Amino acid sequence: MANRYSLWSLIKNGLKHHESWQPAWKSPQPKKNYDVIIVGGGGHGLATAYYLAKEHGIKNVAVLEKGYLGGGNTARNTTIIRSNYLWDEAAHLYEHGLKLWEGLSQDLNFNVMFSQRGVMNVGHTLQDMRDIERRANANLLNGVDAVVMTPQEIKDMVPLIDISNRTRYPIMGASFQPRGGVARHDAVAWGFARGASELGVDIIEQCEVTGLIIEGGRIKGVNTSRGDIMADRVGCVAAGNSSVLAKMAGLRLPLESHPLQAFVSESMKPCIDTVVMSNAVHGYVSQSDKGELVIGAGIDSYTGYGQRGSPHVIEHTAAAIIEMFPSFSRVRMNRQWGGIVDVSPDACPIISKTRIKGLYFNCGWGTGGFKATPGSGNVFAHTIAHDDPHPLNRAFSLDRFATGHLIDEHGAAAVAH
Amino acid sequence: MLIITCPHCQEAREEEEFSYAGEAYIARPPVPEEADDATWGDYVFHRKNPRGWHWEQWQHVAGCRKVFAVKRHTVSYEIAGSWTLADGKALYLEEQA
């Protein structure tokens, strides 16, 4: 029985010198058979397993993770959460996620440190401002909160930002989503793992999927580094490695995998209490609860699985941040990470059945998957449980790349790709 | 930082001089009017995206501006070589056969 976290349990365990806490999730040996196998123990995979058990009563589930939980992109991203997308389909999907974020700590009984400090998208040209106004209006029509700000309003909220017209790309305004914010990414993985494990899901780390067992157009199970494991339904949620998994099933996906970098500065006094993003100069920054600046930028242009990024991309990002915040020019950077993201042609995810019966893919989140973690898991669990998409992810199926019904969200993706 | 040799200029330069131009030698359906939506969608959007050796196109944007083929490993980023599109195609087809 897992711990129930509360003030009372803190006092009780404190009196026992904190030696009686139980592990947050179990580490069982894999069974021979499951109802559903989830390939990929990142945030989206763990959330899928959690909602399969919680909302659909499917508890005989295994999550297979080749590394360890929170060792990949889940805990190495810039943690930004927002739902200010332009098109109805995307706005509804991300807003579904944002609403789940708002109750997630209570639902999981695990503090994911979701902080609704707001997300600001800065505009530097007249065209930027027209796009921002269009997107803010589209957001309001979809029930997503949005405000358009003047440079002075930006300066009042973020005093360190340079709104003068002496810069190369002067700041002309911004859109702001007050309900957006950040969360503690490790806690999201741990919280979903704990919640799923408590409901009976087997979380199996250090278990790499090496093949898919397919007979007569149906999925039967997976080959892994810890032996074959059988299941009639398999959901693949492997981000950058989705194309590799698809190839095991003889499928091709409309994806390209690219390295995406983020970096983190030394800790400083609180100096920025929202998230500032710029599509034009191309960088985004927020400050973590530890006081570090968390900075991200674009992907390397070429495909790669190398989990490291190009130095010139760091230079480009640093230049963008200093363009907006000249006083950050002497801040030292502590660490950097390059993760592999799976980029789709329309900057929107693919949450879909495939032509192999019982095989599902949730991929193509590109540079912006973290914000969707609970929403993605929630609708993907529905898709697997019912063998039919949730109304919110019906438009995100694979066949849109044959019908041409793309959901072009490059403008709202905040990262050029 | 990748060091890429432009087969037209015969010079090895840093990757910032170049622009990545996607997977190389994607076969266009011979009669587009007769291709069904799935075939056309596959041609336009679907990619090999392999974990391993990859034939790709680069453009020497800050140099001769010509496009050429590179064979690069997507995990180690090792470059096996670069060729003009025509020379590379012969090697590519030989590998595929």
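Every number in this text was worked out from the coordinates using simple rules, so none of it is lab data. Everything numeric here is computed off the predicted structure, so don't read it as measured data. Here the Cβ positions follow ideal geometry from the backbone for every residue, glycine too, while neighbour counts run over all protein chains shown.
With N as its number of residues, the range A:79-221 has a Cα radius of gyration that, divided by 2.2 N^0.38 Å, comes to 1.43.
Taking the range A:228-382 on its own, what percent of its Cα-Cα pair distances exceed 21 Å?
Counting every Cα pair in the range A:228-382, those more than 21 Å apart make up 52 percent.
Take each residue of peptide B:48-57, count the partner chain Cβ atoms within 10 Å of its Cβ, and average: the result is 5.
Can you tell me which of A:127-134, A:339-346 comes out highest on packing, and rank the rest after it, using the mean Cβ neighbours within 10 Å?
Working: A:127-134: 16.1, A:339-346: 22.9.
Most protected by this proxy first, the peptides run A:339-346, A:127-134.
Computed from the Cβ-Cβ distance with R0 of 25 Å, the FRET efficiency linking B:ALA80 to B:TYR43 stands at 0.45.
Computed from the mean reciprocal separation of all distinct C-alpha pairs, what Kirkwood hydrodynamic radius does the range A:69-128 have, in Å?
It works out to 13.8 Å.
For the protein assembly as shown, the cysteines with no partner cysteine C-beta closer than 4.7 Å are A:CYS207, A:CYS236, A:CYS271, A:CYS348, A:CYS363, B:CYS64.
Using R0 = 45 Å, the C-beta based FRET efficiency linking A:CYS271 and B:MET1 works out to 0.90.
Using equal-weight Cα scatterers in the Debye expression, the normalised intensity of chain B in log10 at q = 0.16, 0.22 Å⁻¹ is -0.72, -1.14.
For chain A, the relative contact order comes to 22 percent (Cα pairs under 8 Å, sequence separation of at least 6). Divided by 2.2 N^0.38 Å, where N counts the residues, the Cα radius of gyration of the range A:220-302 comes to 1.66. Among the residues of B:39-46, the average count of other protein chain beta-carbon atoms within 10 Å of the residue beta-carbon is 6.
Remark: for residue pairs A:LYS31/A:LYS66; A:LYS12/A:LYS371; A:LYS31/A:LYS357; B:LYS48/B:LYS89, the C-alpha separation exceeds 24 Å in A:LYS12/A:LYS371. Once the chain from A:THR125 to A:ASP156 is taken as fully extended at 0.36 nm per residue, the excess over their C-alpha distance is 9.1 nm. Charges were assigned to the Cβ only: +1 to each Lys and Arg, -1 to each Asp and Glu. The resulting dipole of the protein assembly as shown about its Cα centre is roughly 1260 debye.
A convex hull fitted to the Cα coordinates of the range B:12-58 yields 103 cubic angstrom per residue. Annotation for the range A:140-221: GluC sites (Glu not before Pro) lying in DSSP loop with at most 15 further Cβ atoms inside 10 Å of their Cβ are A:GLU208.
The three principal axes of the Cα atoms in chain A give end-to-end lengths of 66, 63, 41 Å, sorted in falling order. Candidate cross-link partners of B:LYS71 among the aspartates and glutamates, defined by an alpha-carbon separation under 14 Å and a same-chain spacing of 8 or more, comprise B:GLU23, B:GLU56, B:ASP87, B:GLU94, B:GLU95. The label point for B:LEU91 and the one for A:GLU102, both projected 7 Å from the Cα toward the Cβ, are 5.7 nm apart.
Taking the average, over residues, of other Cβ atoms within 10 Å as the packing measure, peptides B:4-17, A:12-25 rank B:4-17, A:12-25 from highest down.
Hey, if you put +1 on the Cβ of every Lys and Arg and -1 on every Asp and Glu Cβ in the protein assembly as shown, which of A:THR367, A:LEU10, B:VAL61 ends up farthest toward the positive end of that dipole? Of the listed residues, the answer is A:LEU10.
Per residue of chain A, the DSSP helices (runs of n ≥ 4 H) give a summed -39500 (n - 2.57) that works out to -8500 deg cm²/dmol at 222 nm. Across the range A:183-264 the C-alpha pair distances fall into 10 Å bins from zero in the proportions 14, 37, 35, 14, 1 percent.
Shielding of peptide A:295-305 by partners, expressed as the average count of other chain Cβ atoms within 10 Å per residue Cβ, is 5.
Which loop trypsin sites (Lys or Arg not before Pro) in the range A:315-417, with loop taken from DSSP, have no more than 12 other Cβ atoms within 10 angstrom of their Cβ?
A:ARG332, A:ARG355
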